[in-house]
Structure formats: C-alpha cells, structure tokens
1. Checking residue 392 against (1) open to solvent by 50 Å² or more (accessible area, probe 1.4 Å); (2) outside any loop (DSSP other than H, G, I, E, B): exactly one of these is not met. Which one?
2. Of everything in segment 326-358, what is among the basic types (Lys, Arg) and within 24 Å of the chain's Cα centre (by Cα)? Give them in sequence order.
3. What number of residues within segment 168-177 satisfy the criterion of being surrounded by fewer than 21 Cβ atoms within 10 Å (Cβ to Cβ) and free of Cβ contacts under 8 Å to residues at least 60 places away in the same chain?
4. Does any residue of segment 121-134 turn out to be within 16 Å of the ligand (Cβ to nearest atom), in contact with a strand residue (DSSP E or B) (Cβ under 9 Å, 6 or more places away or on another chain) and of a type in the set (Lys, Arg)?
5. Restricting attention to segment 65-73, does a residue exist that is out of contact with any Phe, Trp or Tyr (no Cβ under 8 Å at 6 or more places or on another chain) and within 13 Å of the ligand (Cβ to nearest atom)?
6. Of all residues in segment 17-44 being more than 11 Å from the ligand (Cβ to nearest atom), open to solvent by less than 80 Å² (accessible area, probe 1.4 Å) and not aliphatic (A, V, I, L, M), which is farthest from residue 386 (Cα to Cα)?
7. Check segment 9-16 and report whether any residue there is within 13 Å of the ligand (Cβ to nearest atom) and touching a Cys at 6+ places or on another chain (Cβ under 6 Å).
8. Here are the criteria: (1) within 24 Å of residue 311 (Cα to Cα); (2) more than 16 Å from the ligand (Cβ to nearest atom); (3) under 20 Å from the mean Cα position of the chain (by Cα). Tell me which single one residue 79 does not satisfy.
Amino acid sequence: MPTCTGCSCLCPDIVIKDSKVFNACRKGSSIFRHCREKRAEPMISGKKVDFGRALEKASEIISSSEKLAIYGLDTIPLEAQGVAIKLAERKKAYIDDNSSFCLGDFVEMILKGILPTTTLDEVRSNAYVIFYWGTDPYNSLSRHLSLYTYYPRAGKRQRGYEEDRYLVVVDVRKSHTAKLAKKNAKFIKVDSDEDLIEGFISTMDGKAGKYYEETGRIIKKMQRGKFNVIFGGLGLKYGLNGNYEKFVEMVKRMNELTQVYFIPAGFHANMRGFNELMFEKTGFVNRYSFEFRKSAPKYEFSELVRSDSIDVALIIGSDPVNSLPFDVVQKLRKKRLVLIDPKFSLTSKIAEVVIPSAITGIDQGGTMVRSDGVKMKIDPLWEAEWNDESILKELLEEVR
Ligand code: SF4
C-alpha cells in the first residue's frame, strides 16, 4: 500500500484506484494527484540543460566552495540523508535542516533520554489522557487524531473518544483542535506555558496554583488512565523559549504519579530521521559544523546566511525562499546555490543549478522515521531514473 510522505504521520494506508486517492487527507491527496505537475528540470543559470551537465556544474561549484552549507533534507529518505552527511563531512561543511527552528530540541531531549517517549501504536492501544500542547493537528497533522490518538477504538481503549479518551488542548487561541474539546475534554487557553507548567507542579505539591481547577482534574484523570501522552508542538517550543527545565521537571513529577510520555508533533516527513542520523554520528541533531566538530545556534542555516559565513549552499528537498525570513532570502540570492528538488519552486528560480530529483513515496522509495521514532519502509509507485540518493552519491564521488 502506498505511504504518504506529506507530513510526519507517514500514513501507510493510502489507496489509489482509477486515479482516485483514498484515505489521505486533503494535503496528502493533493500530493498524489498533482505529482506529475510542476516538476523541476535540469537548469544552469535559468537555462534548461541536460541532466549530466547540471550534475557536472553542481559538482564544480561544490568542489570550489570554501564554506559550504548543506540544508533541507527533511523530505528525503534516510539513505539519501546519510550520503548528504558524508558529503558535508568530506567538505568540512555546515549541515542543518528545518528542525533547528522546528522541533529538533524535543527530538534531542528524547534521544538523550531526558523525556520519556512511546510509539503512536502504543498511544492508539493504551492512551487515556492525550495532550496537544501548542499544536493544532486538525490542520497540521490531519489524520493524527483519527489514526492514532483520540478517535480510534483499539487495544485497551475500545470505547473510543466517547468514554475511553480524555483530550487536553493547550493553546494561546481556540484552534480547530481546541474546538473538538467538548465532552471528555478540556481546552486550556494559556498566556504563558510556564504558568500552566507551574500550575501542574503546584497541584502535585498539594498547593493551589494558577489553573488549579484544570490541573487538579487532569492529574486525577491521568492517574485513572495510567497511560498518558503529551504531544508538543511549535507553540510549546516557542512558548518555552529554550527554557525546558520546568517542563522536563513537570513530566518527571507526573511520572512519579502515573505514566506520561512525550512525542513531538508536527514536522516534515523525515525530519526525525535526519535528527537521528546526525545524533548517531555527532551527538547533536542539527546546525552542525564538520569543520569545528560542534553544533551551535550560529550554525543554523539562517544565521550562516545572515552572517555571510558561507559561499555555497546545497539545498536538498526544501524551498527556503518560500519558508525563511525575507532578510535571509535577500542574502541567499547572493550565494551560489545548488538545488536538488523534485518540484519547481521559488528557490529553483534563484538557484544557479537545479537538479531534478524524485518524490519519496511516488517515484523513489527508502526508509523514513515517523515522529515517534518508528522506521517506516516506503515503497514507490514507480522508480524515477534519478533519485536523491543516486544524485548525492554521484556528487560524493565527483566532489573534491
Ligand atoms: S496526515 Fe500527513 S501523511 Fe497522512 S495523508 Fe495527510 S499529509 Fe499525508
């Protein structure tokens, strides 16, 4: 069965029949339906060339670079990510992905054993209290609630959301997911995530802190449920602003009373795969310099561009012109850019070289890591002549 790589849910149950796509959400369905449209073509300085010439030029540019950054990588399989990491090491380059401004910090805490975690399959079978904290899966991970968390009847939770789940949505506004929080559910509107964390800790200390009514009721529900999970998103990350200690303490204290796990929610299909490969190799998950053998905020791709620390950027499976801040894009235009991407994009308009690649799950297969750390084997619908792995292997061979 085809797998959708539209987001970190990696839905494995997609059915395609008579050109119709079944089971996918609107975003996933559109990926399959429009997979042949707006495909990138091999280009040098805006002119179409043959594939071999684009590859040759890319190799020349990368070989001549003195300060190379490799960026993107979250939509390609582990096999291709591994080759990109080798290329970065060979060139003593910087390497980074979206996780440095997305949920990489949480993935790192999980990989270091600071936050306890579980799998989505365990959540489906066992979870009672399900937190969505600073994330709106209704829009960003459309099938998360129905496949794995709130709605399924499975394992010990055969009575579904009507009786066997308790949904807690924490957000600064009444998101679409928060609107679902009616029966057996609670929406907590926060101005400060830290206040709510303090509230939970006060309740566990037997004191009445801020949000004491909500925190008291939720702690009781968690003790009753025995298996509970917090899905944390970008709202939580930016709400905590790098100060994770209290949050970690709260989760630890909750685990003295009941079982609580953490899973990061909402990112690109294989962001966690890149984080895991990097962690295995370097002990860090992102924004890494192979020259200085360390990770630092100043090695985040945006910062490298802002500070003019690079002369060439190799961008893989990403569209930074569309996603990074305007001042970064203005500076990026002045760098030599090599882009490997399956689709025509704003970045392909400014790249010196464009090498067309394949879409994972459509015309290339491989392995990806779901948001909960489970490795997924992705079969393609058909095989493209060139894919991310073969392109990167060719560059690795040619680049000096
Ligand atoms: S939820 Fe994500 S993986 Fe699943 S069909 Fe939608 S876009 Fe694809």
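1. (1)
2. Hit for segment 326-358 is 343, nothing else.
3. Of the residues in that region, 3 qualify.
4. Yes: one or more hits.
5. No, segment 65-73 contains no residue that is out of contact with any Phe, Trp or Tyr (no Cβ under 8 Å at 6 or more places or on another chain) and within 13 Å of the ligand (Cβ to nearest atom).
6. Only one residue tops the list, namely 34.
7. At the first step, the residues of segment 9-16 found to be within 13 Å of the ligand (Cβ to nearest atom) are 9-16.
This time we only want the ones that are touching a Cys at 6+ places or on another chain (Cβ under 6 Å), so: 11, 14.
For segment 9-16, residues within 13 Å of the ligand (Cβ to nearest atom) and touching a Cys at 6+ places or on another chain (Cβ under 6 Å): present.
8. So residue 79 meets the others, but not (1).
The values are calculated or read from the model by the stated rules, or taken from the named source; none is laboratory data. Everything quoted here is computed from the prediction, not taken from an experiment. Counting neighbours? That spans all protein chains shown, and the Cβs are built from the backbone with ideal geometry, glycine included. What goes into the accessible areas is simple: the full protein's heavy atoms, side chains included, and nothing from ligands, DNA or RNA. Shrake-Rupley method; radii C 1.70, N 1.55, O 1.52, S 1.80 Å.
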